[in-house]
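S.K.: Please see the structure below; I have some questions.
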Amino acid sequence: MSGNIHQVVLASGNHGKLNEMQHLLGGLNIKLLLQKQMGVESVEETGLTFIENAILKARHAAQVTGLPALADDSGLEVDALNGAPGIYSARYAGEEASDSDNNEKLLKALNGIKTGDRTARYHCVLVYVRHAEDPTPIIAMGQWEGFILEEPRGSHGFGYDPLFFVPEEHMTAAELESDHKNKISHRAVAMQQLIQQLQQKLA
């Protein structure tokens, strides 16, 4: 790969996501820019899957900025809730919902369901487009299995991390050190796939 820094707009307004993804992309000459800083408004997520929504977001950001774009559509799928909150994870408790609002709604929805039946997984789909009409976007996917606790634990991470218990680690995603989380999470798995494909495209 050349030594040039590739500016890529991240189709998100989430600083936590920007920091996490910039860290994961550390080995590549890519500087991520939040779409909000580039004057890009969020696009309406009309897709019914993580893949559809990630493509919508990436194409929209590329269209407005003229830069390559990276979009992430991720969320939590809870088996006892028939896959909810799913693609609506970020706005589960409403369009302007905070992480704590969403966590509270999730706990209410699972009230009375015992721990063993609170199986869940995080999904992440990453889409990279070279330009708005890129006919061959890079699509990478990852998932992370766990359980939903009855009360939050930990102060790291964001989203549903304080409720998402990872059995292999004996702690929640919010209790994991960020460096370790960035090696094992759904986003880390998807990012490793993406990086392999990006190295070929940017070479």
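The values are calculated or read from the model by the stated rules, or taken from the named source; none is laboratory data. Keep in mind that this is a model prediction, so the values were computed, not measured. Every residue, glycine among them, receives a Cβ derived from its backbone with ideal geometry; neighbour counts consider all protein chains shown.
S.K.: When the range 144-170 is examined, which residues are found to be free of Cβ contacts under 8 Å to residues at least 40 places away in the same chain, part of a strand (DSSP E or B) and of a type outside the set (A, V, I, L, M)?
M.R.: 145, 146, 147, 165
S.K.: Also: Just for the range 139-159: of the residues that are over 12 Å from the mean Cα position of the chain (by Cα) and of a type in the set (A, V, I, L, M), which one is farthest from residue 104 (Cα to Cα)?
M.R.: This residue is 139.
S.K.: Turning to a different aspect of this structure: In the list 18, 106, which residue meets the criterion of being under 20 Å from residue 142 (Cα atoms) and out of contact with any Lys or Arg (no Cβ under 8 Å at 6 or more places or on another chain)?
M.R.: 18
S.K.: Those residues that are more than 19 Å from residue 198 (Cβ to Cβ) and in contact (Cβ under 8 Å) with a residue 40 or more places away in the chain, I need them from the range 13-47; list them, please.
M.R.: Once the filter is applied, which keeps residues that are more than 19 Å from residue 198 (Cβ to Cβ) and in contact (Cβ under 8 Å) with a residue 40 or more places away in the chain, the range 13-47 yields 14, 16, 45, 47.
S.K.: Sticking with this structure for a sec: Which condition number in (1) free of Cβ contacts under 8 Å to residues at least 24 places away in the same chain; (2) under 20 Å from residue 174 (Cα atoms); (3) assigned to a helix (DSSP H, G or I) is the one that residue 106 fails?
M.R.: (1)
S.K.: So which pairs qualify, if the first residue must be in the range 119-143 and within 15 Å of residue 166 (Cα to Cα), the second must be at pLDDT 95 or above and among the basic types (Lys, Arg), the Cβ gap must be under 6 Å, and the two must be at least 6 apart or on different chains?
M.R.: Listed by first residue and then by second, the contacts come to 143/121.
S.K.: While we're on this one: Within the range 8-29, restricting attention to residues that are modelled with pLDDT of 90 or more and in contact with a helix residue (DSSP H, G or I) (Cβ under 8 Å, 6 or more places away or on another chain), which residue is nearest to residue 98 (Cα to Cα)?
M.R.: Here the answer is 11.
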